[in-house]
Amino acid sequence: MTVTTTETLPEHMKIRSMFSMIEITHKIQISQKGLIKGFLQRKRDEHQEALDKLIESAPAEANAIIGVKHSTATHTFPEGTFLFITYIGTPVVIEDKKV
């Protein structure tokens, strides 16, 4: 899956079909995690998990997501401080212009 922040494709590519915009919000704890939770999750790439969620939410036919934008916010709850990452983008089917 190609994921790009631009809506302009390379000259040799064209959009064959386009789907409705998709959006996901992923929560990441950024405050001190408990010892056990921190140990079990030490190799996680939570930012990649957020991007993977966006890709998974695209229609199966799509082979790219264009115009990807993101925003972040933080909020503190009794159980900790969390970063919320929101991704939006437009799933498309792209192909070579020669096809």
Answer yes or no as to whether THR4 is modelled with pLDDT under 95, out of contact with any strand residue (DSSP E or B) (no Cβ under 8 Å at 6 or more places or on another chain) and among the β-branched types (Val, Ile, Thr). no
List the pairs whose first member sits in the stretch 21-40 and is in a helix (DSSP H, G or I), whose second member is at pLDDT 55 or above and of a type outside the set (D, E, K, R), and whose Cβ atoms are under 9 Å apart, counting only residues at least 6 apart or on separate chains? LYS37/GLN29; GLY38/GLN32
List every residue pair whose Cβ atoms lie under 9 Å apart, where the two residues are 6 or more positions apart in sequence or sit on different chains, the first residue falls within the stretch 1-14 and is among the charged types (D, E, K, R), and the second residue, located anywhere, is in a strand (DSSP E or B) and surrounded by 11 or more Cβ atoms within 10 Å (Cβ to Cβ). GLU7/ILE66; GLU7/GLY67; GLU7/THR90; LYS14/ILE94; LYS14/GLU95
Can you pull out the residues in the stretch 83-99 that are surrounded by fewer than 17 Cβ atoms within 10 Å (Cβ to Cβ) and farther than 19 Å from GLU7 by Cβ? PHE84, LYS98, VAL99
In this structure, does GLU49 turn out to be modelled with pLDDT under 95 and in a loop (DSSP other than H, G, I, E, B)? no
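Of the residues that sit in the stretch 55-70 and are assigned to a strand (DSSP E or B) and at pLDDT 95 or above, which one is surrounded by the most Cβ atoms within 10 Å (Cβ to Cβ)?
Here the answer is ILE65.
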If we scan the stretch 76-99, do we find a residue that is basic (Lys, Arg) and part of a loop (DSSP other than H, G, I, E, B)? yes
Quick check: is even one residue across the stretch 15-22 touching a Leu at 6+ places or on another chain (Cβ under 9 Å), surrounded by 11 or more Cβ atoms within 10 Å (Cβ to Cβ) and modelled with pLDDT of 90 or more? yes
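The values are calculated or read from the model by the stated rules, or taken from the named source; none is laboratory data. Quick caveat: nothing in here was measured; it's all calculated off a predicted structure. With ideal geometry, Cβ positions are generated from the backbone for all residues, glycine too; neighbour counts draw on all protein chains shown.
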